[in-house]
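The values are calculated or read from the model by the stated rules, or taken from the named source; none is laboratory data. Small disclaimer: the values here were computed from a predicted structure and weren't measured. All Cβ positions, glycine included, derive from the backbone under ideal geometry; neighbour counts span all protein chains shown. Remember, those area values only see protein heavy atoms, side chains included, never the ligands or the DNA or RNA. Shrake-Rupley method; radii C 1.70, N 1.55, O 1.52, S 1.80 Å.
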Amino acid sequence: DSTGKKILEVGAGDGMLGVALNAFGHATTLIDQEDWRAPGTSNVEFHRMDCCGPLPFKEGTFDLACSYNAFEHLPDPNLTFNEMVRVVRPGGLLRIEFNPLYGSPWGLHAYRTLRMPYLQFLFSDEFIKEKIDQMGCEDLGQKRTELQFVNRWRPSQYERLWEHTDCILLECRRHVDNSNLKVVVDFPEAFQGRLLDISDLTIAGYSVTLQKKITLSEYH
């Protein structure tokens, strides 16, 4: 709501959010493990780095740390989340949105090529890789030989992140997709023995806002 905020975006992708935020008078820093920024983003600070490693910023550097459609691709969301909390100032905000989770209908992120829900359960990894080799895929602004990595975190694992002791959870909105449960009914054997529950199969993503707590010593 005011200008001059220091903002960190984790998993910045095409970088256009940083362009928009800077246009409103903020100072945005982008980080991502791959650089596929769109033209016109060169005026936004960018660091290519492992988003799951220690971030090269001092504690309390940013007013806001945000991430959009990246958390499902992180090998260890816990490490990234903890670093985001660390680099946000007390009283600052974290905003995280991502979709789709691995267990949800389109969780394999193959909807541009293999347009079938719940592929990750219906077919073997070897079969899916063979089809991608045959068809190819386009993602992250380029043609690729394989699908993006997707971690296999379950909704319950993510929701434990939002219980971080240094944060207050202001919003947790679950994006639910029930539209393809007929596949589960028609092919139950593909889902059996995986210890799945209905939330694993239908919670497709999250929109989460947290505030970093201010300790008593920081009031003075």
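A few notes on this one:
- To put it simply, the accessible area of the stretch 145-220 at a 1.4 Å probe is 54 percent carbon and sulfur.
- 1.4 Å probe accessible area per residue over the stretch 28-84, in Å²: 47 Å²
- A straight Cα-to-Cα reach below 24 Å connects residue 143 with the lysines 129, 131, residues fewer than 8 places away in its own chain not being considered.
- Residue of 15, 136, 92 that the Gaussian network model of the chain assigns the largest fluctuation, springs spanning Cα pairs under 10 Å: 136
- Whole-number percent relative contact order across the stretch 21-150, with pairs defined as alpha carbons under 8 Å at least 6 apart: 19 percent
- Remark on residue 37: its backbone amide H falls under 5 Å from none of the residues 5 or more positions apart or on other chains, H modelled at 1.01 Å from N.
- The convex hull defined by the C-alpha atoms of the chain has an orientation-averaged projected area of 13.6 nm².
- With protein chains left intact and a 1.4 Å probe, residues in the stretch 116-204 average 64 Å² of accessible area per residue.
- The GNM of the chain, with springs linking C-alpha atoms under 10 angstrom apart, assigns the highest mean-square fluctuation among 157, 120, 192 to 192.
- Carbon + sulfur, % of accessible area of the stretch 24-131 - ligands and nucleic acids excluded, 1.4 Å: 53 percent
- Sparsely packed loop sites in the stretch 118-220 (the GluC sites (Glu not before Pro) outside DSSP H, G, I, E and B with at most 10 other Cβ atoms within 10 Å) comprise 163.
- Report summary: the helix-based calculation at 222 nm, which adds -39500 (n - 2.57) for every DSSP H run with n ≥ 4 and divides by the residues of the chain, gives -6000 deg cm²/dmol.
- Electrostatic bookkeeping for residue 168 treats Lys and Arg as +1 and Asp and Glu as -1; over the other residues with beta carbon under 11 Å from its beta carbon, the sum is -1.
- Helix axis angle, 77-87 relative to the chain longest principal axis, alpha carbon, degrees: 10 degrees
- Summing Lys and Arg as +1 and Asp and Glu as -1 over all other residues whose Cβ lies under 13 Å from the Cβ of residue 125 gives a net charge of -1.
- Taking Lys and Arg as +1 and Asp and Glu as -1, the other residues whose beta-carbon sits under 12 Å from that of residue 33 total -3.
- Percent of alpha-carbon pairs separated by more than 16 Å within the stretch 119-188: 70 percent
- Per residue, the average separation of C-alpha pairs within less than 8 Å and at least 6 apart gives the stretch 76-149 a relative contact order of 19 percent.
- In summary, the lysines within cross-link reach of residue 213, defined as a Cα separation below 21 angstrom excluding same-chain residues under 8 places away, comprise 5, 6, 58.
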